[in-house]
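Peer 1: Just dropping this structure here.
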Amino acid sequence: MSSIGHLLGSFLGLDRVNTNFTYTLVYRGCSKVIPHQEFRLYLLIPAAISTILLAFSTRRTKQKLHLLNGRPGLVFPMDVMKRSHRFSYAAAFGTLAQLCATIVFDAKHAFNYDGPAYLKVFIALVSMLIYGMGYFPLFAGISVGSPMGYLVATLFSWVFTAEFFANSFCTQEMVISYLILIIGVLPEMLCYLYLTFSLPVRFVLSIAKPVKKTKLAVDFESSEDLYESIRKSYQGIHVTKLFKRPPPPPSPPDGAKEKLIFLLKSLPGKVFYNNTKGFRYSARLVSVMTVGFILLYEFTFLLFIVFYQLFDIAEQGLIANLDVVRRETVTGEDPSTTILRDTLNISYYLVIAFRGCFLTSLMVALAINVVFLLHYMASYKYNLLLLYKGNNEHLTPRALKSNASLIVGSMRYAGYQVGYIGWGFFIQFLLLLVISIAIATIVTLWDVIKDLILQQFMIIWPVLITSLVLNILQLVLSKFLFLQENGDILAMDNRRLFFIFTYFMFFYNIFIGIFSCLMRIIKAIILGALFLPRLDHSTLPKKFQRMDPGFDAYCGFMHVESTHTNPVAMVFISILQAESLTALKRKEKKILNIVLRVDEYQEMLAKKRRKARWKWLLAYTLVNNPEISLQRRLVLAKERNENIKEIFFSRSSSFTVKSTKLDLEDVIIQSERL
């Protein structure tokens, strides 16, 4: 940029104008406090240590679980099939927007390389590995969801936030104010601040309340609670809607006013985002859209600041030269001075016009791409819901692609989408700029080139009018003369007249075909550039869509999403898990009851054994000691008499004393017999 400024200044003679673009044109204001390459390289050491710690805090799920209690486990940065932690992942990917911009537009590497050119591709691969490894603990910490994971993610988010603020708001002297700097990096700054404050809160909450397993894996009070959790999930809500009768379609509007109001109300839902109960966007899609929006925003802001100042310097230079030459014509001046003045005046008006064209094209390109991002989310939901129903008419059918190619497309999708958004925006901006500059040039130089334009128009307008009239004539004759019932049915009428008219139109349509061919080329260029950022629409014909790498990646992504996130399949699997866990719970209870019964039986047997052993020892003692046996009988008889007396005297209100004595003697006799 500094070289461009010096060249422009020398061309316009800007000796008194500051052409130092080092601080003026770079909206960040100054050189980086923390160097990019050194920071990425030094970050590898704590990133590797943190990844090892996260691995040892996670257990393996399949292989060699007995070894080291199943540790270390394999940690991953992001579950691309889940819908949880969407905003955290989106903010984490949002912090990568600046890095993505340097990769897309600058191809910046993680370290300097001055060797052979054919080895640069390997340097790029190593750089991508370094970039990914540096950010790996941040994403892996969010995915693990444990106190250790949130601690690691918090520390790395603080490091990245400090690096961002240090390089964005450095202490050197700046021409641009801090307010403009904040506006320029506002979306990215919000992502950093969200991670800075949300991750510590999650860390504290994870310590206070340990992370639980899924509801299907924890203990539950009843099976009804388990099924209720399935019903309240977004998959359960979607499946519940399938069993409900859809509401009747609204009656079509009658008048033109009602039709216009209905169209305006339905337009935002078709073009922009509309909420659908029971549907969630995937964390991967939300993250990609976030990176794309931040990329568009910051790139637009950078171009706006840079070129606005560039045009301002050019305008000041032209004004300075006009002041030197004088703005008004002086009698007797040199003709070369008059030509120079006219050239400077035309250049001045062209610079003003080009500045308006540039800013307008930039804003229009940004608006188009933002609308495309919103419409892309609506298109994603529409296509995914169709795939859930087995309808893949918009995409390449799954039967025409192998499963491996679908997985490859799913892996490519996120990177392709970000790259297509960046370069698609740039190409759209250039196309709009060329068109607007052409219009501005014609308007500015109208007095000079109007004769040429009018001369060409006088040659072309009969062709345009004749083509328009004949096209309308063909349509009217086909509807009212060559078809029966005014074109309501495809049945020919006046066949001979139709054959005559077709014969003579053959020769004229040759000339019309030339103009139509040019229009087809122009339409292909405009539509190709317009839909270049969107991967959900192929820029190639339907039979050649598989040759479109972006659309092919989108098809793979959508098919994999549909297969692994189908709500019907997910609810069915959840019900099977619930049934399995319910049956397991019942089996555990049954086994527990059996164990309790066995324990009671064993305790009863042990009591009987103790009683039999005591009786045997007692009998052995009494046999060997006859005196003890006699004394024991007397004691036992006395105890029985006392017990019986207490029982009968407690019921004295029902018996007389005489009967009580007789009964008492009978009871004593019966007890001795027993």
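Peer 1: For Cys191, Cys555, Cys357, Cys517, what's the fewest-to-most ordering of other Cβ within 10 Å of each Cβ?
Peer 2: Neighbour counts put them in this order, fewest first: Cys517, Cys357, Cys191, Cys555.
Peer 1: List, in order, the whole-Hz ³J(HN,Hα) value for each residue of the range 408-425 obtained from phi through the Karplus relation with A = 6.51, B = -1.76, C = 1.60 and θ = phi - 60°; use x for Gly and Pro.
Peer 2: Result, rounded to whole Hz: 4, x, 5, 5, 6, 4, 4, x, 4, 4, 5, x, 5, 5, x, 6, x, 4.
Peer 1: When the Karplus curve 6.51 cos²θ - 1.76 cosθ + 1.60 is applied with θ = phi - 60°, which whole-Hz ³J(HN,Hα) does each residue of the range 291-303 get, with x for Gly and Pro?
Peer 2: Whole-Hz 3J(HN,Hα) from phi for the range 291-303: 4, x, 5, 5, 4, 5, 4, 5, 5, 5, 5, 5, 5.
Peer 1: Can you work out the FRET efficiency for the pair Glu393 and Asn112, with r the C-beta to C-beta distance and R0 = 60 Å, to the nearest 0.05? Show your work: numbers first, answer last.
Peer 2: On the way: r = 51 Å, r/R0 = 0.85.
Calculated value: 0.75.
Peer 1: What FRET efficiency do you get for Lys277 and Ile427 if R0 is 51 Å and r is their Cβ-Cβ distance, rounded to the nearest 0.05?
Peer 2: Numbers: r = 38 Å, r/R0 = 0.75.
Computed FRET efficiency for Lys277 and Ile427 comes out at 0.85.
Peer 1: Under 5 Å between amide H atoms, partner at least 5 residues away or on a different chain: which partners does Leu483 have, H built in plane at 1.01 Å?
Peer 2: For Leu483, the qualifying residues are Asp493.
Peer 1: Let me ask something else about it. FRET efficiency for Leu41 and Ser478, Cβ-Cβ distance as r, R0 = 60 Å, nearest 0.05?
Peer 2: Efficiency computed from Cβ-Cβ geometry: 0.25.
Peer 1: Please arrange Ser251, Ser402, Ser562 by how many other C-beta atoms lie within 10 Å of their C-beta, fewest to most.
Peer 2: Listed from fewest to most nearby Cβ atoms, that is Ser251, Ser402, Ser562.
Peer 1: Subtracting the Cα-Cα distance from 0.36 nm times the residue separation, let me have the gained length for Asp254 to Ile180 in nm, one decimal.
Peer 2: 21.5 nm
Peer 1: Can you bin the range 442-565 into rounded, prolate or oblate? Criterion: square roots of the alpha carbon gyration tensor eigenvalues sorted a ≥ b ≥ c, rounded for a/c under 1.5, prolate for a/b above b/c, oblate for the rest.
Peer 2: The shape class here is oblate.
Peer 1: Using 7 Å Cα-to-Cβ label points, what is the Ile510/Leu454 separation (nm, one decimal)?
Peer 2: 3.6 nm
Peer 1: Ordered by residue, what ³J(HN,Hα) values in Hz, to whole numbers, does the range 315-321 give under the Karplus form 6.51 cos²θ - 1.76 cosθ + 1.60, where θ = phi - 60° and Gly and Pro are x?
Peer 2: Calculated HN-Hα couplings, in order: 5, 5, x, 5, 5, 5, 5 Hz.
Peer 1: Run the quick spin-label model on Ile261 and Arg610: label points 7 Å from Cα toward the beta carbon, then report their separation in nm to one decimal.
Peer 2: 9.0 nm
Peer 1: Continuing with this model, one more query. How far apart, in nm, are two points set 7 Å out from the Cα along the Cα-to-Cβ line at Ala320 and at Trp446?
Peer 2: 3.3 nm
Peer 1: So, one more: Along the Cα-to-C-beta direction of Met492, a point sits 7 Å from the Cα; which residues of the range 503-537 have their amide N less than 13 Å from that point?
Peer 2: Once the point is set 7 Å along Cα→Cβ of Met492, 503 turn out to lie under 13 Å by backbone N, inside the range 503-537.
Where a number appears in this text, it was derived from the coordinates with a stated rule and is not lab data. Predicted, not measured: the structure shown is a model, and the values here were computed from it. Note that each Cβ is placed from the backbone with ideal geometry, even for glycine, and that neighbours are counted across all protein chains shown.
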